[in-house]
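Since the structure comes first, as structure tokens, the remarks are kept for the end.
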Amino acid sequence: MVKIFPFIFILLWSSAFITTKPIIDNSDPFAALAFRFALVALGFLIFSLYSKEKILVSRKNFLESFFSGVLFHGLYLGGVFYSISIGMPTGIAALIVTLQPVLTNALSGPILNEKVSIKQWVGVLLGFTGAALVLGFDIGSKIPTAGLIATIIALLAITFSTLWQKKLSNNLPLPVSNMNQALGGCLFHLLIIILITDPYIDFSQTFIIAMSHQILLVSFGAFTILMYLIKNNSASKTVSIFFLIPTTSAFMAWLFLDENLTNLDLIGFLITSIGVYIATRD
């Protein structure tokens, strides 16, 4: 079962891109994320109580998990949602964030003392090349400066969150750790709402369906698997599978949204698959 976790993660995480736009179209991005992670934190609290996990942990462990949530659920998702909401082309935003495995590989050596082999670097570069072919790049697109800055912040946040999570490797049960991280994300977005934005949510049927999907399948499912993978594998190998997300999202959009799937997409998927295989095999 554990061996198929990466494939389940890819499917669940990729599906989130299909439901992000309906959420943004019906809400302020930060209000939506605050709402999402309030429910996620509550869900993990209930599960932790049901499974009789120790909720009250040391201040050190709590703050470590909380800060990880601020990075991942707060700055990363907040940056991506905000950039798309102000007109950043989704493909370009995704392409920038897809640089994460490259950046993680570059930093995992000096920060985590992980040895990144030439084979892994070859796999990572192939993975990025394939993902770039799938995502495409419309040079004529007008890129809002604020959106570009927000996307770069998101890239840095998810990279350092991954390295931070691996460096800590505390022994908190996953439900408790995830609860603390969701709380960190929720409070971060609440702070943004209080200080900056004018929050609103239209609880339309479209919003409810899209948000339910992201809470149940992405936050409870995919994120829990990701935390397990980071804890039990090297950071550089874990993040290499992220290159499969753009290609998988493209297939899902073709399957469920009737979007075009070109020959270039198929070539990109093949190159990415080879790259991920090279980067992750022992």
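Things worth noting here:
- A single member of Ser212, Ser219 is within 11 Å of Arg36 (Cβ to Cβ) and modelled with pLDDT of 95 or more, and it is Ser212.
- In segment 31-56, the residues that are at pLDDT 95 or above form Cβ pairs under 9 Å with partners that are assigned to a loop (DSSP other than H, G, I, E, B) and crowded, with 19+ Cβ neighbours inside 10 Å, at six or more places apart or across chains, as follows: Ala32/Asn26.
- Hey, Val70 under 30 Å from Asp198 (Cβ atoms), buried (at least 19 other Cβ atoms within 10 Å of the Cβ), modelled with pLDDT under 90 and of a type outside the set (Ser, Thr, Tyr) or not: no
- Residue list for segment 41-59, filter: of a type in the set (Gly, Ala, Ser) and surrounded by 12 or more Cβ atoms within 10 Å (Cβ to Cβ): Ala41, Gly43, Ser48
- In this structure, Tyr228 does satisfy being within 20 Å of the chain's Cα centre (by Cα) and surrounded by fewer than 18 Cβ atoms within 10 Å (Cβ to Cβ).
- For Ser212, the conditions (1) within 21 Å of the chain's Cα centre (by Cα); (2) over 19 Å from Ala41 (Cα atoms); (3) surrounded by fewer than 20 Cβ atoms within 10 Å (Cβ to Cβ) are fulfilled apart from (2).
- Flag if Glu64 is outside any helix (DSSP H, G or I) and out of contact with any Ser or Thr (no Cβ under 6 Å at 6 or more places or on another chain): no
- Residues in segment 150-183 that are within 18 Å of Asn113 (Cβ to Cβ) and under 17 Å from the mean Cα position of the chain (by Cα): 7 in all.
- Leu226 being more than 16 Å from Leu77 (Cα to Cα) and modelled with pLDDT under 85: no
- If you go through segment 1-40 and pick out every residue that is surrounded by 20 or more Cβ atoms within 10 Å (Cβ to Cβ) and more than 17 Å from the chain's Cα centre (by Cα), you end up with 3.
- Subset tally (residues that are within 14 Å of the chain's Cα centre (by Cα) and farther than 24 Å from Ser117 by Cβ) for segment 87-105: 5
- Just one of the listed residues (Leu148, Leu183) is in a helix (DSSP H, G or I), at negative phi and surrounded by fewer than 18 Cβ atoms within 10 Å (Cβ to Cβ), and it is Leu148.
The values are calculated or read from the model by the stated rules, or taken from the named source; none is laboratory data. All values derive from a computational prediction rather than experimental measurement. Heads up, the Cβs are rebuilt from the backbone with ideal geometry, glycines too, and the neighbour counts pull from every protein chain shown.
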